[in-house]
Amino acid sequence: MRMIGLIGGMSWESSAAYYRLLNEGARARLGPTASARCLLWSFDFAEIEALQHAGDWAGLTARMVDAARRLEAAGAELLLICTNTMHRMAPEVQGAVGIPLVHIADATAERIVAAGLRTVGLLGTAFTMEQDFYKGRLRDAFGLEVIVPEAADRATVHRIIYDELVAGRVEPASRAAYRAVIARLVASGAEAVILGCTEIMMLVRQDDSPVPIFDTTALHAAAALDRALSVESDNEPRGRVG
């Protein structure tokens, strides 16, 4: 198994889920005593969150590139950014290292396309729902039509992520709010819903939605294991950002 480098701590709640999913996946694939080979760089999310809401994407990019380089120097053979929002700087991170970055949007979109679906609702932070780095990749690379909630619903989804989920709080009222947002996405034509923030899986399950749910955290971890256990030659091209 190749060594997996995790850029995490954004928040640590979802990073803990990544660690669990990678190890559960390694056990299922390799045997009861197997576990994943991985290295974790964990940020203080308070610093990251402040820079996000200040719009300091250049400062965030510098921190992400530094983390990626440190993981590569420590022996990582592929990288995961353990958050959807921070894939905003995925091209810069990939360009700074010589190891592949497994892109969370690619891992998700590939499963959606394989399921024969084309129109998807997207839940995530306001940055992910409103900026084009994520929606544009789904559209341009995979031909998906992406629907996002209306402005008031986007504000609700974003607030619950930052005020509750990153703090480990899972509130029944917030689950009901997300169910209502999902219902409105489905009414707008969504054939499936992407949980496009790695913390949303703490709150939303398949029985909260009348259409298929695609959990980016679980799909990203599974794609990382696929790549880590692949038999491709180290001399083969590393591939696209993803």
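The values are calculated or read from the model by the stated rules, or taken from the named source; none is laboratory data. Given the structure is predicted, the values throughout are model-derived calculations rather than measurements. All Cβ positions, glycine included, derive from the backbone under ideal geometry; neighbour counts span all protein chains shown. Keep in mind that these areas ignore ligands, DNA and RNA; they rest on the heavy atoms of the full protein, side chains included. Shrake-Rupley method; radii C 1.70, N 1.55, O 1.52, S 1.80 Å.
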State whether the residues of the range 199-208 include one that is charged (D, E, K, R) and either open to solvent by 20 Å² or more (accessible area, probe 1.4 Å) or at pLDDT below 95 (or both). yes
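Table: residues versus (1) in a loop (DSSP other than H, G, I, E, B); (2) without any contact (Cβ under 8 Å) to a residue 24 or more places away in the chain; (3) over 18 Å from Asn84 (Cα atoms); (4) open to solvent by 50 Å² or more (accessible area, probe 1.4 Å).
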site	(1), (2), (3), (4)
Asp140	no, yes, no, yes
Arg169	yes, yes, yes, yes
Ala176	no, yes, yes, yes
Val186	no, no, yes, no
Ala190	yes, no, yes, no
Asp226	no, yes, yes, yes
Within the range 94-124, residues within 17 Å of Arg70 (Cβ to Cβ) and crowded, with 23+ Cβ neighbours inside 10 Å come out as Leu101
Residue check: is Ala155 farther than 30 Å from Val97 by Cβ and free of Cβ contacts under 8 Å to residues at least 24 places away in the same chain? no
Is at least one residue of the range 65-77 in contact (Cβ under 8 Å) with a residue 12 or more places away in the chain, open to solvent by less than 20 Å² (accessible area, probe 1.4 Å), over 30 Å from Arg139 (Cα atoms) and in a loop (DSSP other than H, G, I, E, B)? yes
Residues of the range 143-167 being in a loop (DSSP other than H, G, I, E, B) and farther than 15 Å from Met10 by Cα, in sequence order, are Gly143, Leu144, Val148, Pro149, Glu150
Output the residues belonging to the range 192-222 that are among the polar types (S, T, N, Q) and either in contact with a helix residue (DSSP H, G or I) (Cβ under 7 Å, 6 or more places away or on another chain) or in a loop (DSSP other than H, G, I, E, B) (or both). Thr198, Ser209, Thr216, Thr217
The one condition in (1) surrounded by 15 or more Cβ atoms within 10 Å (Cβ to Cβ); (2) touching a residue at least 24 places away in the same chain (Cβ under 8 Å); (3) farther than 25 Å from Phe142 by Cα that Asp44 fails to fulfil: (1)
Test result for Ala67, at pLDDT 95 or above and closer than 15 Å to Gly9 by Cβ: yes
Would you mind telling me which numbered condition in (1) closer than 13 Å to Leu225 by Cβ; (2) outside any loop (DSSP other than H, G, I, E, B) Met1 fails? (2)
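Can you tell me which of Ala50, Ala62 is open to solvent by 50 Å² or more (accessible area, probe 1.4 Å), closer than 21 Å to Val157 by Cα and modelled with pLDDT of 95 or more?
Criteria check complete, one pass: Ala50.
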What number of residues within the range 20-37 satisfy the criterion of being outside any loop (DSSP other than H, G, I, E, B), surrounded by fewer than 22 Cβ atoms within 10 Å (Cβ to Cβ) and in contact with a strand residue (DSSP E or B) (Cβ under 7 Å, 6 or more places away or on another chain)? 0
